[in-house]
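Notes follow the structure.
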Amino acid sequence: MTKKILLSGIQPSGKPHIGNYFGAMKQFVDLQDQYESYVFIADYHALHSLRNAKEMRENIIGVMLDYLAIGLDPEKVTIFKQSDVSEHTELCWIFDTITTMPYLMRAHAFKDAEAKNKEIDVGTFNYPVLMAADILLYSPDIVPVGQDQQQHVEIARDIALKFNNTYGDTFKIPEHKIIKNVAVVPGVDGRKMSKSYKNTIPLFADYEEIKKCVMSIVTDSSGELPINVYSIHKLFRDEKELEKIYEEKKGKYKELKELLLEDIEKFIAPLRERRKEFEKDKSKVLEILKKGAEKAKNISSKKMDLVRERIGVKLD
Ligand code: ADP
Ligand code: TRP
């Protein structure tokens, strides 16, 4: 029986945090045996927020090390970067011609930028269309992401349907895969954990850094459950056990935070060590990316050939 297909990616826009891990990246690892998997680095997507070549290079290698450290196996998973496979941007253009401006104006990312009175570049506006191309080239059955990306996967579905209706059946309609209780991991201030809110606990932080983050978790002084501490803690320890501990230590916020710190450290320490090991061999990392790009290109170029035929620009 052929395996179902999984595709997902993250942007090399900064250090990943535990929200990225539990919301998305962990699924890539957990599902790598079950699915034929394509996991990529969305470097062209990151251009809208990162305009520094040195930082971009470092972050790309950084995401690769992160992927390997959390346990993605390049023998099982095709790992590549978006900019190595030009079919992504090519298909994006074709999708642009069937996607309307009013439709894209309903996207959250655009609305957020507009609400902040930001000057919005065309790339940011068009972001969901490039993401649709990323997804649809590989005919995935599932796209594991956190809650904030659900709308983008829905846009990819709509674009696939529009293309299929216009030019004939070409794209498989993908489903997003969101794990309910980790769909929105909260940050140290209780809002969604996000690089842009500076409220994260980095996935590969050292002990002192984790300590600083944990101690800064916002608690109220009502003596009830410190919900922000608890919500993060339940990612690292069984909830039944946790309920008991939080009952016993009611109101003792400092002790609860210290326990959370130990639990996070226990989880992160081995990841940090693995990452350091991979860091020693950069040429191996580059080799994995090269091989991954070849495999990805092989799939995506076939799809693009079909697309060119469907739209009528292929003449032979
Ligand atoms: P950020 O908001 O920190 O910039 P990204 O947009 O780079 O994060 O997200 C990368 C992946 O991690 C996406 O699939 C996204 O849905 C997921 N993700 C990001 N933040 C969280 C969170 N707080 N909880 C759950 N998943 C998240
Ligand atoms: N937009 C996603 C994010 O910010 C990254 C991404 C780009 C992606 N293309 C994708 C995720 C395709 C899944 C599938 O996290």
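Region 233-287 and region 141-183 have Cα centres separated by 32 Å. With Cα atoms defining each centre, region 198-222 and region 32-73 are spaced 24 Å apart in the structure. Mind telling me which of Lys26, Lys240, Lys180 comes out most flexible in a GNM of the chain, alpha-carbon contacts under 10 Å? In the Gaussian network model the winner is Lys240.
A simple charge model with +1 on the Cβ of Lys and Arg, -1 on the Cβ of Asp and Glu and nothing else charged puts the dipole of region 195-276 at about 380 debye relative to its Cα centre. For region 186-199, 3J(HN,Hα) computed residue by residue from phi via the Karplus equation (6.51, -1.76, 1.60; θ = phi - 60°) reads x, x, 5, 9, x, 7, 3, 5, 7, 3, 6, 9, 6, 10 Hz, glycine and proline entered as x. Rounded to the nearest 10 degrees, the inclination of helix 253-279 to the longest alpha-carbon principal axis of the chain is 40 degrees. Between the amide H of His17 and those of Leu203, distances stay under 5 Å, these residues lying 5 or more places away or on another chain, with hydrogens modeled in the peptide plane. Bridge orientation summary for region 1-146: considering DSSP beta bridges with both residues in this region, about 0 percent are antiparallel.
Roughly how many Å² is the accessible area per residue of the chain, as a whole number, for a 1.4 Å probe? Walk me through the numbers on the way to the answer.
Working: 16250 Å² over 316 residues.
Here the residues of the chain average 51 Å² of exposed surface.
Just the protein heavy atoms count here, and of the accessible area of the chain at 1.4 Å, carbon and sulfur take up 51 percent.
Per-residue ellipticity at 222 nm computed for the chain from its helices equals -16500 deg cm²/dmol, with DSSP H segments shorter than 4 residues left out and the rest contributing -39,500 (n - 2.57). The phi-based Karplus calculation (6.51 cos²θ - 1.76 cosθ + 1.60; θ = phi - 60°) puts the 3J(HN,Hα) values of region 116-122 at 7, 6, 7, 7, 9, 7, 4 Hz, whole numbers, x for Gly and Pro.
Computed from Cα atoms, the angle from the helix 150-167 axis to the main principal axis of the chain rounds to 10 degrees.
Just to be sure I understand: of the beta bridges DSSP finds with both ends in the chain, what percent are antiparallel, rounded to 5? The answer is about 10 percent antiparallel. Each Lys and Arg adds +1 at its Cβ and each Asp and Glu adds -1 at its Cβ; summed about the Cα centre, the chain shows a dipole of about 200 debye. What residue among Glu277, Glu175, Glu294 has the largest mean-square fluctuation in a Gaussian network model of the chain, using Cα springs under 10 Å? Top of the fluctuation ranking is Glu277.
The figure for Val145 is an accessible area of roughly 10 square angstrom, using a 1.4 Å probe on the protein chains alone. Using a Gaussian network model of the chain in which every pair of alpha carbons under 10 angstrom is joined by a spring, one finds that among Lys250, Lys81, Lys234 the greatest mean-square fluctuation is at Lys250.
The values are calculated or read from the model by the stated rules, or taken from the named source; none is laboratory data. None of these values were measured; they are calculated from a predicted model. No Cβ is skipped: glycine too gets one built from the backbone with ideal geometry, and neighbour counts run over all protein chains shown. Keep in mind that these areas ignore ligands, DNA and RNA; they rest on the heavy atoms of the full protein, side chains included. Shrake-Rupley method; radii C 1.70, N 1.55, O 1.52, S 1.80 Å.
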